[in-house]
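Below is one structure, written out as structure tokens; the observations come after it.
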Amino acid sequence: MKSITRALLIACLVLPVIACSKKEEPQQVEAAPVAVPTTEDKAAWNAYLNDVAGRHMEGVNNSPYVYLVPPAVASAADAPPADATTADGGPTLSTPVDGAYERLLEKAEQDVSRGITRGNLLIFAGLDSARTADLVVASFAKVGAGTMNGVRVLFIGSAADSERVKAVVEPTGSQYVFIDNAA
């Protein structure tokens, strides 16, 4: 009788410990996407671009190349005319060019012409979709066909500009991803 009582007592003490030691699987809750900024606020753009990059990093081995296109200059007197051609006879841009834009364009052209290897992500975004598309088109103007296989290029802009960006990106062998900034 004593042994039965001891066995029941041990069972009563051990069963709750065993039951409590089972760990529940933590539920994976996907965060809601960050909204596309509608202002020039750099902090909002950084948060948005970090969110977008995180959602498109599958198969990407390196930190993404991010090109946040600055808005057009405030006064037309500060910028060359919109129909100006580049010094090397490059494509005519549909938007005014200023110093910040020119520096970003030069950086993007150098990065792309130097060669982006497989497993990289390029993100082009900005408040002005046409200006962002101009930067992509100018950056990819001299890239050879099939030279960027395995590279993912994200264009965040309007659907109206997507086709002309796609036309210069896809021949390089890159995977083109369009994200509508109107969403």
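The values are calculated or read from the model by the stated rules, or taken from the named source; none is laboratory data. Quantities reported herein were computed from a predicted structural model and do not represent experimental measurements. A quick note on method: Cβ atoms are made from the backbone with ideal geometry, for glycine too, and the neighbour counts reach across all protein chains shown.
Determine the pairs where a residue that is exposed (fewer than 10 other Cβ atoms within 10 Å of the Cβ), located within segment 30-45, has a partner that is not basic (Lys, Arg) and not in a loop (DSSP other than H, G, I, E, B) with Cβ atoms under 8 Å apart, the partner being 6 or more residues away or on another chain.
Pairs that qualify, where the first residue is exposed (fewer than 10 other Cβ atoms within 10 Å of the Cβ) and the partner is not basic (Lys, Arg) and not in a loop (DSSP other than H, G, I, E, B), are 31/51.
Give the residues of segment 129-143 that are surrounded by fewer than 21 Cβ atoms within 10 Å (Cβ to Cβ), within 16 Å of residue 111 (Cα to Cα) and in contact with a Ser or Thr (Cβ under 7 Å, 6 or more places away or on another chain), sorted by residue number.
Within segment 129-143, 142, 143 meet the criteria.
For segment 146-178, which residues satisfy the criterion of being on the phi > 0 side of the Ramachandran plot and surrounded by fewer than 16 Cβ atoms within 10 Å (Cβ to Cβ)?
Scanning segment 146-178 gives 146, 150.
Looking at segment 104-117, which of its residues are in a helix (DSSP H, G or I) and either surrounded by 15 or more Cβ atoms within 10 Å (Cβ to Cβ) or touching a helix residue (DSSP H, G or I) at 6+ places or on another chain (Cβ under 6 Å) (or both)? Spell out the reasoning first.
Initially, segment 104-117 is screened for residues in a helix (DSSP H, G or I), giving 104-114.
Once the filter is applied, which keeps residues that are in a helix (DSSP H, G or I) and either surrounded by 15 or more Cβ atoms within 10 Å (Cβ to Cβ) or touching a helix residue (DSSP H, G or I) at 6+ places or on another chain (Cβ under 6 Å) (or both), segment 104-117 yields 104, 105, 108, 109, 111, 112, 113.
Inspect all residues belonging to segment 118-125 and state whether any of them is over 26 Å from residue 33 (Cα atoms), crowded, with 23+ Cβ neighbours inside 10 Å and in contact with a Leu (Cβ under 9 Å, 6 or more places away or on another chain).
Here is the first cut: in segment 118-125, the residues over 26 Å from residue 33 (Cα atoms) are 118.
Now narrow it down to the ones that are crowded, with 23+ Cβ neighbours inside 10 Å: none.
Checked segment 118-125: no residue is over 26 Å from residue 33 (Cα atoms), crowded, with 23+ Cβ neighbours inside 10 Å and in contact with a Leu (Cβ under 9 Å, 6 or more places away or on another chain).
Scan 64, 96, 81, 71 and give me the residue that is surrounded by fewer than 12 Cβ atoms within 10 Å (Cβ to Cβ) and either modelled with pLDDT of 90 or more or farther than 20 Å from residue 172 by Cβ (or both).
Values: 64 fails: surrounded by fewer than 12 Cβ atoms within 10 Å (Cβ to Cβ); 96 fails: surrounded by fewer than 12 Cβ atoms within 10 Å (Cβ to Cβ); 71 fails: surrounded by fewer than 12 Cβ atoms within 10 Å (Cβ to Cβ).
From the options 64, 96, 81, 71, the qualifying one is 81.
Across segment 142-174, what is the number of residues that are of a type in the set (A, V, I, L, M) and either under 14 Å from residue 131 (Cα atoms) or assigned to a loop (DSSP other than H, G, I, E, B) (or both)?
Initially, segment 142-174 is screened for residues of a type in the set (A, V, I, L, M), giving 143, 145, 148, 151, 153-154, 156, 159-160, 165, 167-169.
If we keep only those that are either under 14 Å from residue 131 (Cα atoms) or assigned to a loop (DSSP other than H, G, I, E, B) (or both) too, we end up with 143, 145, 148, 151, 156, 159-160, 165.
Residues flagged as of a type in the set (A, V, I, L, M) and either under 14 Å from residue 131 (Cα atoms) or assigned to a loop (DSSP other than H, G, I, E, B) (or both) within segment 142-174 amount to 8.
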